[in-house]
1. Which of rounded, prolate or oblate describes the stretch 109-162 when judged by the alpha-carbon gyration tensor and an a/c cut-off of 1.5?
2. Can you give the local net charge around LYS149? Use residues other than it whose beta-carbon is closer than 14 angstrom to its beta-carbon, Lys and Arg +1, Asp and Glu -1.
3. Given contacts defined as C-alpha pairs under 8 Å and at least six residues apart, what's the relative contact order of the chain, whole-number percent?
4. Which values, in whole Å and largest first, are the semi-axes of the equivalent ellipsoid of the stretch 1-84 obtained as the square root of 5 times each eigenvalue of the Cα gyration tensor?
5. Which of the helices in the chain, when you take each full DSSP H run, stretch at least 24 Å along the axis at their Cα atoms and have an average Kyte-Doolittle score of -1.0 or higher?
6. Take the alpha-carbon centre of the stretch 42-99, take the same for the stretch 108-187, and report the distance between them in whole Å.
7. Keeping every protein chain present and rolling a 1.4 Å probe, give me the accessible area per residue for the chain in Å².
8. Quick one: grab the alpha carbon gyration tensor of the stretch 176-249, order the square roots of its eigenvalues as a ≥ b ≥ c, and give me rounded if a/c is under 1.5, else prolate or oblate depending on whether a/b is larger than b/c.
Amino acid sequence: MKLLEDKNVIITGASRGIGMGIAQVFADHGANVAFTYSSSKAPALELEKQLTAKGVKAKAYKSNAASFQEAEELVVKVLEDFDGRIDVLINNAGITKDNLLMRMSEADFDAVIDINLKSVFNMTKAVQRTLLKQRKGSIINMSSVVGVKGNAGQTNYAASKAGMIGFTKSVALELGSRNIRCNAIAPGFIETEMTDKLDEKTVQGWRDGIPLKRGGTTEDIANACLYFASDLSSYVTGQVLNVDGGMLT
Ligand code: NAP
């Protein structure tokens, strides 16, 4: 059964990793996918081709999620290209710039807050009018277990991800009466190309510490997004779902 037939979805940061995994699962479920990237043009165009081959509409856009103006321009273009409707927004774009607080520069703090948190404000503002007119919409924010628990060496990242949770709950309260839902996902340790580069012994140590004894896959996160994006979750808003193999339990 296809859960997102003919739904129009915007995913930020889908040129690799979790965003790419979400785009693929959503296209398999019949969604038309507009997605952004920051600099990975070739992989983004390749993904656009792969998604289109699944029989849905797909388009890659270069857009800096940290820029208020670029987010506004992006949504105008997506509305032109996707018949004036947006059903789902997934705020997934994110970066890390880890360091102990003692060594963290102001620039690294600001960059992480701007790309991870301010982007969520930018994009939510940009789609809000359309969702209000439709009297329906689902917004999904990609937080992290680090935003729930905190993590030494990641004060900037943890603050951005915890901020997303407060934003998510507030939007759920503000827009619930208009049938616009807003939820967050808190992934644990998800194995992507990025983690493939890490020392196998270190990664195995992380896996051993997780109750389900494995790292998550991008598909694990995409399936949680599928639930929040589809009508299966039509009575669920303002929630944070940990998708972490039991890591925080
Ligand atoms: P990733 O592989 O590094 O991919 C990040 C994506 O975001 C890329 O598509 C990148 O585009 C895009 N991006 C970066 N800066 C951007 C900007 N300024 N504007 C627009 N797009 C931008 O990351 P990931 O591991 O898939 O993580 C995706 C999300 O999940 C992030 O928010 C991350 O914090 C969260 N998360 C990940 C994990 C994990 O274990 N992987 C755990 C918890 C939470 P380019 O390719 O063009 O740079």
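1. Numbers: a/c = 5.68, a/b = 2.20, b/c = 2.59.
Oblate.
2. Working: positive: LYS161; negative: ASP244.
Net charge around LYS149: 0.
3. Over the chain, the number comes to 19 percent.
4. 20, 15, 10
5. Working: long enough: 155-175 (29 Å, 0.40).
Those that clear 24 Å and a mean of -1.0 are 155-175.
6. With the stretch 42-99 and the stretch 108-187 each reduced to a Cα centre, they are spaced 17 Å.
7. Details: 12180 Å² over 249 residues.
That works out to 49 Å² per residue.
8. In terms of gyration-tensor shape, prolate.
The values are calculated or read from the model by the stated rules, or taken from the named source; none is laboratory data. Just so we're clear, the structure is a prediction, and the values are computed from it rather than from any experiment. All Cβ positions, glycine included, derive from the backbone under ideal geometry; neighbour counts span all protein chains shown. The protein model used for the area step is the full one, side chains on, heavy atoms only, and it has no ligands, DNA or RNA in it. Shrake-Rupley method; radii C 1.70, N 1.55, O 1.52, S 1.80 Å.
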